[in-house]
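Report on the following structure.
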Amino acid sequence: METVSLSYDELAERMRITPHSARNLVRRKRWKRTVGNDGKARVSVPVEALTVPSPPPLEAPSPAAESGVTIARLEAQIDGLKALVEAERRRADAAEADRDRWHASANRPFWRRFALSH
């Protein structure tokens with residue numbers, strides 16, 4: 001297995017990750033670490049690990065065919081969100097009414113709480 005000796009910063013740059021992530025990767029993969037002449041840690045990284053697979057190409061959807069479906073889907077999501085907002089508004093109103101009832105009860109004199117509560 002062919003390896004390349006890289007510092008953590010070089011490894012992070014080659015793999016397009018942060019140096020902290022590079023350290024975690026080296027620890028997790030148990031790659032051999034040594035100290036270079038410059039005093040920096042060097043890691044023996046397999047060449048296969050440095051080849052980052054490219055993501056598959058994205059197909060561009062046709063704007064004419066997708067726009068009607070997209071608009072309909074977005075309108076359905078908007079309607080769902082409006083219903084959710086209305087339900088939450090009703091719930092908040094009920095919670096405020098309950099809070100007001102408890103507040104009124106708490107502000108009554110002590111003896112009235114028991115006399116008028118039934």
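Descriptive notes on the structure:
- Within region 15-46, the only residue that satisfies the criterion of being at pLDDT below 90 and assigned to a helix (DSSP H, G or I) is MET15.
- Contact map, region 1-22: first residue among the basic types (Lys, Arg), second residue surrounded by 16 or more Cβ atoms within 10 Å (Cβ to Cβ), Cβ cut-off under 7 Å, separation 6 or more or different chains; pairs are ARG14/LEU6.
The values are calculated or read from the model by the stated rules, or taken from the named source; none is laboratory data. Treat the numbers as computed from the prediction; the structure is a model and nothing was measured. Note that each Cβ is placed from the backbone with ideal geometry, even for glycine, and that neighbours are counted across all protein chains shown.
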